[in-house]
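Report on one structure; see the data block that follows.
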Amino acid sequence: MDTLQPPSHRTRHILLNLLFATVIVYLLFLVVWLITRTLFGDRWWWLFLLNAVTPYLLMPLPLLILPAIIARRWFAVALSIPLFVISAPLLIDPWFQLSTARYGFSSQGAPFRVMTFNINGGNERTDRVLAAIRAAQPDIIALQELNPSIAAALERDLKNDYPYQFLDPQWGVTGMGIISRFPLRPLAARLPGDRWIGAPQAVEIDTPGQTITLLNFHAIPPVGPPEYMTAAIGERERQAEAINAFVQAQRTPVVVAGDLNATPFHRAYHILQHGALSDVWQECGSGAGFTWPGNRTIGGVPVLPWFVRIDHLFTTNGIVCLDASVGPWDGVSDHRAVVATLAAGWRN
């Protein structure tokens, strides 16, 4: 009697083995990556890029557990279940903000809205930028990559709504600006380092209920050859430490607004979030809050639009968040704004 399996059975068996071999390779990759991430943070450019897409790397993981059990692939089961337990917060947190407790708080004074918006230095569509600002109805706006065309439109068309303006427009990507419905006073503070994308701006603003300090910044981007990208990682972390030092030196509550060029899975973000600052999105945002990229290619490589959160608003205690959302897209910038309703108050 011929005990050989029919060709169709053999083919199915081979394909199943290949499939689970691929699963094992994926699971071992996750083990190595998570260990490397834990030990070294973002030290190398390739690790920084992997960490940027943390939830996407983990997405297949929960889908593998049941098939592995059904197929009795016990090694795959033994790897996938502990991996899922360990990494579940990294997978779930971008959509549900589980890593930070939602604080109780007491507020006083009228709420005010703050917006941070990287408008893209090459953006000449002043009508669309102004429309996005008006639609969000902020009281205070921190702008990055402010060019002279947009600055002129702000002074011409929004001066009645935002009479207090502190603008440093530049061609290219280094322009910065702050506009406000409330009185503001520029501060002479200068953050250390010469690799900021535009000089950070610091102002005092008389909001309802109290005077606050606002810091507008644009951190060094992870764009360039591998050597530059790796060097930029350490520089960005030093910039985050400089922001922390600035915040700790202030006597008034502080709002930090800007483009960090880092996601919540990067060390630069955690330097800020684990200092005196609190991310408003973790406090009162809803959903993923992705702000970048608006374009569908990066360096000619196709990408999904809006798949990471790199634009942030942070506050110290003395300011509480009532609501946070992603602002309307102007259809041109590669970023979307972040808008938060804040008030004077204390977290319990």
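Can you tell me which residue among G331, G294 is farther than 14 Å from V280 by Cβ, more than 19 Å from the chain's Cα centre (by Cα) and in the same structural domain as L214 (by TED's automatic domain parsing)? Can you show your working first?
Working: G294 fails: more than 19 Å from the chain's Cα centre (by Cα).
Going through G331, G294 in turn, the sole match is G331.
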Considering only residues that are closer than 27 Å to I179 by Cα and more than 17 Å from the chain's Cα centre (by Cα), which ones fall in the range 224-239? none
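Count, please, the residues in the range 77-92 that happen to be more than 33 Å from the chain's Cα centre (by Cα) and either surrounded by 16 or more Cβ atoms within 10 Å (Cβ to Cβ) or not in a helix (DSSP H, G or I) (or both).
Initial filter on the range 77-92 (more than 33 Å from the chain's Cα centre (by Cα)): 77-78.
If we keep only those that are either surrounded by 16 or more Cβ atoms within 10 Å (Cβ to Cβ) or not in a helix (DSSP H, G or I) (or both) too, we end up with 77.
The number of residues fulfilling the criteria is 1.
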Would you check if G209 is within 24 Å of P111 (Cβ to Cβ), free of Cβ contacts under 8 Å to residues at least 60 places away in the same chain and in contact with a strand residue (DSSP E or B) (Cβ under 9 Å, 6 or more places away or on another chain)? no
Residues located in the range 213-226, provided they are without any contact (Cβ under 8 Å) to a residue 12 or more places away in the chain and either of a type in the set (G, A, S) or assigned to a helix (DSSP H, G or I) (or both): G224
If you go through A132, A142, the only one that is in contact with a Phe, Trp or Tyr (Cβ under 8 Å, 6 or more places away or on another chain) and either β-branched (V, I, T) or within 17 Å of F217 (Cβ to Cβ) (or both) is A142
Residue tally, condition in a loop (DSSP other than H, G, I, E, B) and either outside the structural domain of G327 (by TED's automatic domain parsing) or more than 13 Å from the chain's Cα centre (by Cα) (or both), over the range 277-286: 2
List the number of the failed condition for A257; all other conditions in (1) surrounded by fewer than 24 Cβ atoms within 10 Å (Cβ to Cβ); (2) under 20 Å from A324 (Cβ atoms); (3) not β-branched (V, I, T) hold. (1)
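If only one of D157, D168, D139 is touching a helix residue (DSSP H, G or I) at 6+ places or on another chain (Cβ under 8 Å) and either charged (D, E, K, R) or not assigned by TED's automatic domain parsing to the domain that holds F117 (or both), which one is it? Lay out the reasoning, then the answer.
Working: D168 fails: touching a helix residue (DSSP H, G or I) at 6+ places or on another chain (Cβ under 8 Å); D139 fails: touching a helix residue (DSSP H, G or I) at 6+ places or on another chain (Cβ under 8 Å).
Only one candidate qualifies: D157.
Based on what the data block shows, is I119 within 21 Å of the chain's Cα centre (by Cα) and surrounded by 18 or more Cβ atoms within 10 Å (Cβ to Cβ)?
yes
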When the range 240-276 is checked residue by residue, the ones that are within 13 Å of the chain's Cα centre (by Cα) and part of a loop (DSSP other than H, G, I, E, B) are L260, N261, A262, T263, P264, F265, H266
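Yes or no, residue by residue, for (1) buried (at least 17 other Cβ atoms within 10 Å of the Cβ); (2) farther than 23 Å from I119 by Cβ; (3) among the hydrophobic types (A, V, I, L, M, F, W, C):
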{"position": "W281", "(1), (2), (3)": "yes, no, yes"}
{"position": "G294", "(1), (2), (3)": "no, no, no"}
{"position": "T297", "(1), (2), (3)": "no, no, no"}
{"position": "P305", "(1), (2), (3)": "no, no, no"}
{"position": "H312", "(1), (2), (3)": "yes, no, no"}
{"position": "I319", "(1), (2), (3)": "yes, yes, yes"}
{"position": "V326", "(1), (2), (3)": "yes, no, yes"}
Name every residue in the range 159-185 that is crowded, with 18+ Cβ neighbours inside 10 Å, hydroxyl-bearing (S, T, Y) and over 16 Å from N123 (Cα atoms), in order of residue number. Y162, S180
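The values are calculated or read from the model by the stated rules, or taken from the named source; none is laboratory data. Please read all numbers here as calculations on a predicted model, not as lab measurements. Cβ coordinates were reconstructed from backbone atoms using ideal geometry, including for glycine residues, and neighbour counts include every protein chain displayed.
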